[in-house]
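K.L.:
I am attaching a structure below and will ask some questions about it afterwards.
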Amino acid sequence: MIDLPVTNRRPLAQLVVCQGCCCGRTDRGRPEVPVGRLKDVWKGEKLNRSVQLTVSGCLGPCDLANVALVITPGGNNWFGGLAGDAVYEALIAWARECHHTGRVAPLSAGFDGLRFERFGASEEGEVG
Ligand code: FES
């Protein structure tokens with residue numbers, strides 16, 4: 001029997017906010033990604049215990065900048081076209097709710113219009 005690796009760091013979810021070659025590049029006419037605000041909230045409220053925040057390099061779908069990925073045990077949720085403070089504040093509110101309830105909270109309905117399919121059609125979802 002193989003001993004599989006086990007991590008002690010098991011949050012409820014992970015939020016990956018892209019800040020790559022396009023996302024957040026205000027000098028290229030893209031909306032700002034408020035990385036400082038996000039990091040301050042996550043650090044100040046210890047949200048990483050519940051929702052891991054990752055600021056990433058390019059995630060790929062630059063044509064939909066700004067991009068964010070919400071990873072939960074239920075799957076990957078890709079969002080594009082994030083712009084303005086309100087949408088990032090909604091992500092903060094969502095993470096706070098997850099943190100305080102100890103459960104993966106649903107994202108607000110406003111995210112439905114930002115959701116996109118990242119991958120091409122495939123019947124097989126397993127890797128390897
Ligand atoms: S820079 Fe964000 S998807 Fe490419």
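The values are calculated or read from the model by the stated rules, or taken from the named source; none is laboratory data. Since we're looking at a predicted model, the values are computed, not measured. Cβ: placed from backbone, ideal geometry, glycine included. Neighbour counts: every protein chain shown. Ligands, DNA and RNA are excluded from the accessible area calculation, which covers all protein heavy atoms including side chains. Shrake-Rupley method; radii C 1.70, N 1.55, O 1.52, S 1.80 Å.
K.L.:
Quick test for you: out of Arg103, Arg10, pick the one residue that is in contact with an Asp or Glu (Cβ under 9 Å, 6 or more places away or on another chain) and surrounded by fewer than 16 Cβ atoms within 10 Å (Cβ to Cβ).
P.N.:
Numbers: Arg10 fails: in contact with an Asp or Glu (Cβ under 9 Å, 6 or more places away or on another chain).
So the residue among Arg103, Arg10 that is in contact with an Asp or Glu (Cβ under 9 Å, 6 or more places away or on another chain) and surrounded by fewer than 16 Cβ atoms within 10 Å (Cβ to Cβ) is Arg103.
K.L.:
Return yes or no: is Asp85 open to solvent by 20 Å² or more (accessible area, probe 1.4 Å), away from the ligand (no atom under 16 Å from the Cβ) and in contact (Cβ under 8 Å) with a residue 40 or more places away in the chain?
P.N.:
On the way: open to solvent by 20 Å² or more (accessible area, probe 1.4 Å): yes; away from the ligand (no atom under 16 Å from the Cβ): yes; in contact (Cβ under 8 Å) with a residue 40 or more places away in the chain: yes.
Yes, satisfied.
K.L.:
Which ones in the stretch 55-75 are open to solvent by 20 Å² or more (accessible area, probe 1.4 Å) and more than 13 Å from the ligand (Cβ to nearest atom)?
P.N.:
Within the stretch 55-75, Ile71, Thr72, Pro73, Gly74, Gly75 qualify.
K.L.:
Let me ask another. Checking the structure you have, find out if any residue of the stretch 41-54 is among the basic types (Lys, Arg) and loosely packed, with under 12 Cβ neighbours inside 10 Å.
P.N.:
Here is the first cut: in the stretch 41-54, the residues among the basic types (Lys, Arg) are 43, 46, 49.
The next check asks that each one be loosely packed, with under 12 Cβ neighbours inside 10 Å; those that pass are 43, 46.
Yes, the stretch 41-54 contains at least one residue that is among the basic types (Lys, Arg) and loosely packed, with under 12 Cβ neighbours inside 10 Å.
K.L.:
Identify all residues within the stretch 18-38 that are open to solvent by 80 Å² or more (accessible area, probe 1.4 Å) and within 13 Å of the chain's Cα centre (by Cα); write none if there are none.
P.N.:
Kept after step one, since they are open to solvent by 80 Å² or more (accessible area, probe 1.4 Å), are these residues of the stretch 18-38: 19, 26-28, 32, 37.
If the condition is that a residue be open to solvent by 80 Å² or more (accessible area, probe 1.4 Å) and within 13 Å of the chain's Cα centre (by Cα), then Gln19 is the only one that fits.
K.L.:
Follow-up question, since we're still on this one. Quick one: what pairs do we get from the stretch 1-19, first residue under 26 Å from Leu59 (Cβ atoms), second surrounded by 17 or more Cβ atoms within 10 Å (Cβ to Cβ) and of a type in the set (Phe, Trp, Tyr), C-beta under 8 Å, 6+ apart or different chains?
P.N.:
Short answer, once both residue conditions are applied: none.
K.L.:
Which residue pairs have Cβ atoms closer than 9 Å, lie 6 or more positions apart in sequence or on different chains, and pair a first residue in the stretch 55-72 that is without any contact (Cβ under 8 Å) to a residue 60 or more places away in the chain with a second residue that is open to solvent by 40 Å² or more (accessible area, probe 1.4 Å) and acidic (Asp, Glu)?
P.N.:
Listed pairs, sorted by first residue: Asn66/Glu32.
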